[in-house]
Amino acid sequence: MPRLLTYNVHRCVGTDKRLDVDRIVAVIGEHEPDIVCLQELDVGRLRTGHVDQAQTIADKLAMTSRFHPAMRVEAELYGDAILTPHPERLVRAAALPTVAGIPGLEPRGAIWSQIDVGGGTINVLNTHLGLVPREQRLQAAALAGSGWLGACQGPTLLAGDFNATSITRPYQILARSLQDCQRQLNLKPSVKTFPSGFPAIRIDHCFVSPDIRIKSVRSAFSPLARVASDHLPLVIDFEIRQPAD
């Protein structure tokens, strides 16, 4: 049964302010995922020792990495990645729309890979939406549109840090295209992942197409996971529905 883990790693700086890539690797490795969607990775940035965090984490987990830099500052990169040990093909990695005239907004993007796992090929999309509701709505609409979800054929999972709870319009835009994996299981209480020390908010999500059957959704509550990042990982076990199902 395939397992997806989505995790905002906060550039591998924990709640104790310590930079430690190995802690992130240990949190991920404990769950032995087939697919890893990571947000807030630094690549070649002075503030985190010029390390390629996406490739380093992938190497330590014996996986390949597809990284998309949502933000570039000369040679320094910051963005999101999809990791897997399985055969994969990059389909698209691109920026998402933003709102002009609001200072301090970070560029946002998404990455889409096709991965051969669980007896089939699945579309996996990873993203990290902005903080302002107006830009979130634009970004969610873009993801639901013809360039992203509208172009997906077959089993599809969209995961990431959406900075939006289930009562917001950006969430509802995406929920019209795909089903929230926690809603498919009717989980009560829901699995929350932020902040990691006392998870009270559900802003990390995984949305799935009708041909994905969710088997379980959980998070990590170990002492290590609570300190490694300001988010906890969201862990999803799923199956690909066969036509007879």
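Treating r as the C-beta distance of residue 1 and residue 100 and R0 as 41 Å, the FRET efficiency rounds to 0.35. For residue 20 and residue 242, the FRET efficiency from 1/(1 + (r/R0)^6), where r spans their Cβ atoms and R0 equals 45 Å, is about 0.60. Exposed loop sites here mean GluC sites (Glu not before Pro) with a DSSP loop assignment and at most 16 other beta-carbon atoms within 10 Å; the chain contains its longest site-free run at 75-245. Within the same chain, aspartates and glutamates fewer than 8 places from residue 188 are excluded, and of the rest, those with a Cα less than 14 Å from its Cα are 180.
Each Cα pair under 8 Å and six or more residues apart adds its separation to the average, and for segment 108-180 the resulting relative contact order is 32 percent. For segment 136-207, the residue among 173, 157, 195 whose Cα projects farthest onto the positive side of the dipole built from Cβ charges is 173. Length gained on full extension, residue 187 to residue 211: 6.7 nm, using 0.36 nm per residue less the C-alpha separation.
Which of the following values of semi-axes √(5λ) of the Cα gyration tensor in Å was calculated from the structure shown: (1) 24, 21, 19; (2) 46, 21, 18; (3) 32, 18, 17? From the options (1) 24, 21, 19; (2) 46, 21, 18; (3) 32, 18, 17, the structure gives (1). Simple spin-label estimate for residue 198 and residue 224 gives 2.6 nm between the two label positions (7 Å along the Cα-to-Cβ direction from each Cα). Label sites at residue 76 and residue 151, each approximated as a point 7 angstrom past Cα along Cα to Cβ, lie 3.1 nm apart.
Where the centre of each part is set by its Cα atoms, how far does segment 171-233 sit from segment 83-146, in angstrom? After rounding, the separation between the Cα centres reads 17 Å.
With all protein chains present, how much of the accessible area of segment 105-214 (probe radius 1.4 Å) comes from carbon and sulfur, to the nearest whole percent? Ligands and nucleic acids excluded, carbon and sulfur reach 55 percent. Ranking 67, 44, 79 by how far each Cα lies toward the positive end of the dipole of segment 22-81 (charges on Cβ) leaves 44 at the top.
The mean accessible area for residues of the chain, using a 1.4 Å probe and ignoring ligands and nucleic acids, is 42 Å² per residue. Averaging 1/r over each pair of different alpha-carbon atoms in segment 13-106 and inverting the result gives 14.5 Å, the Kirkwood hydrodynamic radius. Length available on full extension from residue 59 to residue 175: 0.36 nm per residue minus the Cα-Cα distance, which gives 38.4 nm.
Each principal axis of the Cα cloud of segment 120-245 was taken in turn, and the coordinate range along them, longest first, works out to 41, 36, 23 Å.
Summing +1 for each Lys or Arg and -1 for each Asp or Glu among the other residues whose beta-carbon sits under 15 angstrom from that of residue 45 gives -4.
The values are calculated or read from the model by the stated rules, or taken from the named source; none is laboratory data. Everything quoted here is computed from the prediction, not taken from an experiment. With ideal geometry, Cβ positions are generated from the backbone for all residues, glycine too; neighbour counts draw on all protein chains shown. With ligands, DNA and RNA removed, areas are computed over all heavy atoms of the protein, side chains included. Shrake-Rupley method; radii C 1.70, N 1.55, O 1.52, S 1.80 Å.
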